[in-house]
Amino acid sequence: DTESLSCRAVIDSFKLTNAPLEPAIRSQLKRDGDLLPWELKQKILGLRGTEWVPITLGYAQEKWNWIGYENGLDWRDGWQSRRNNKDTQESETRERIINAFIETWERRLGDLCEQVVACPGALELVRALSEHGNLPLAVATSSRLEGVNKKRLKHEEMFQFFEHVVTGDDKNVRMGKPAPDIFLETARRLQVHPSECLVFEDSLQGAIAARAAGCVTIAVPDKRMETESFINHSDHVIPSMWYFDGKKWGIDVDMNNHSIED
């Protein structure tokens with residue numbers, strides 16, 4: 001599970017891009033386990049960097065009284081409607097700030113990736129689907145390829161089962177989640193119709209994207225997220241991979257027959 005490490009990398013990136021949070025705010029976040037507040041996290045979970053960075057910067061300005069960068073740009077909700085669309089310099093500055101934040105976050109996350117622990121039951125489920133279900137497997141992630149390559153270093157035991165890894169910066173993925181593009185592209189590479197794909201998603205944006213692509217969607221929500229949010233955007237909701245039973249979809253894999261280590 002990289003989400004907690006991702007939160008820490010986001011928090012650290014403010015200081016690493018020379019725009020640190022106030023000491024009191026940083027201390028509070030540290031007491032909270034270096035996790036982003038859930039009201040922010042649930043908005044950005046599953047989004048691409050170009051989408052979640054502006055939301056995060058705006059949240060920091062509004063909730064944490066973050067001063068921002070020297071240029072003084074406003075990132076709070078609705079900034080797109082307040083900006084001067086004819087000011088190309090502003091557009092270029094925003095793009096530069098967003099890209100710098102993403103690159104800093106990815107480097108920091110890469111440094112932390114040695115601590116990455118797989119989600120409970122993930123390896124066992126992937127192995128079971130590959131060996132017993134005889135199913136082609138793939139990863140469809142909003143992360144960029146560079147970040148994925150760092151995350152997978154200690155998890156090749158799991159990644160060996162995936163035929164394809166489709167990332168958010170793939171040239172064939174025009175729009176990020178909740179648009180269906182990434183799942184449509186992944187289905188194309190697997191050479192199966194989207195309706196024959198079973199997707200496991202931990203983010204609401206991802207679940208919406210998978211359903212929009214026509215895939216069968218299993219939601220495995222973050223423990224802090226209300227499962228009710230997923231009911232209208234998934235075919236089934238489970239608390240962890242250990243609770244998956246594939247009989248309903250004609251898959252001969254029942255994780256309940258394994259010993260639960262959650």
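Details
- Using the Cβ-Cβ distance between residue 132 and residue 226 with R0 set to 35 Å, the FRET efficiency from 1/(1 + (r/R0)^6) comes to roughly 0.60.
- For the chain, the longest principal axis of the alpha carbon atoms and the long axis of helix 122-131 meet at an angle near 40°.
- Our summary gives the range 1-63 a relative contact order of 29 percent, counting only alpha carbon pairs under 8 angstrom and 6 or more residues apart.
- Taking GluC sites (Glu not before Pro) across the range 171-262, the ones in a DSSP loop with at most 15 further Cβ atoms lying within 10 angstrom of their Cβ are 226, 261.
- Dimensionless Rg over Rh [the range 138-235; C-alpha; Kirkwood]: 0.96
- In order along the range 193-208, the phi-based Karplus estimate (6.51 cos²θ - 1.76 cosθ + 1.60, θ = phi - 60°) of 3J(HN,Hα) comes to 6, x, 5, 9, 9, 10, 10, 9, 9, 9, 10, 5, 4, x, 5, 4 Hz; Gly and Pro are listed as x.
- Segment residue 65-residue 193, length gained on full extension (0.36 nm per residue, minus Cα span): 41.3 nm
- Accessible surface ranking that places the most exposed of 67, 251 first, with a 1.4 angstrom probe: 67, 251
- If you model the chain as an ellipsoid using its alpha carbon gyration tensor, with each semi-axis the square root of five times an eigenvalue, the axes come out at 34, 20, 17 Å, biggest first.
- Here the chain carries DSSP beta bridges of which approximately 10% are antiparallel, counting only pairs with both residues inside.
- With a 1.4 Å probe rolled over the protein heavy atoms of all chains, the accessible area of 234, 27, 130 falls in the order 27, 130, 234, largest first.
- Put simply, when 89-97, 44-52 are sorted by average Cβ atoms within 10 angstrom per residue, most first, you get 44-52, 89-97.
- With all protein chains kept in place, the per residue accessible area of the range 43-159 amounts to 54 square angstrom at a probe of 1.4 angstrom.
- Per-residue [θ]222 nm for the chain (sum of -39500 (n - 2.57) over DSSP H runs n ≥ 4, rounded to 500): -13000 deg cm²/dmol
- Percent carbon-and-sulfur accessible area, the chain, ignoring ligands, DNA and RNA, probe 1.4 Å: 47 percent
- Centroid-to-centroid separation of the range 1-42 and the range 198-233 [C-alpha atoms, Å]: 25 Å
- With the whole protein complex present, residue 237 retains an accessible surface near 50 Å², based on a 1.4 Å probe.
- With the simple spin-label model, which puts each label point 7 Å out from Cα in the Cβ direction, the residue 28 to residue 80 separation comes to 2.8 nm.
- Among the cysteines of the chain, those with no neighbouring cysteine Cβ under 4.7 Å are 7, 113, 119.
- Acute angle (nearest 10 degrees) that the helix 88-112 long axis makes with the longest principal axis of the chain, alpha-carbon atoms: 50 degrees
- Helix axis angle, 49-63 relative to the chain longest principal axis, alpha carbon, degrees: 50 degrees
The values are calculated or read from the model by the stated rules, or taken from the named source; none is laboratory data. Here the structure is a predicted model, which means the values were calculated and not measured. When we count neighbours, we look across all protein chains shown, and the Cβ atoms used for this are built from the backbone with ideal geometry, even at glycine. Please note that ligands, DNA and RNA were not included when accessible areas were found on the heavy atoms of the full protein model with its side chains. Shrake-Rupley method; radii C 1.70, N 1.55, O 1.52, S 1.80 Å.
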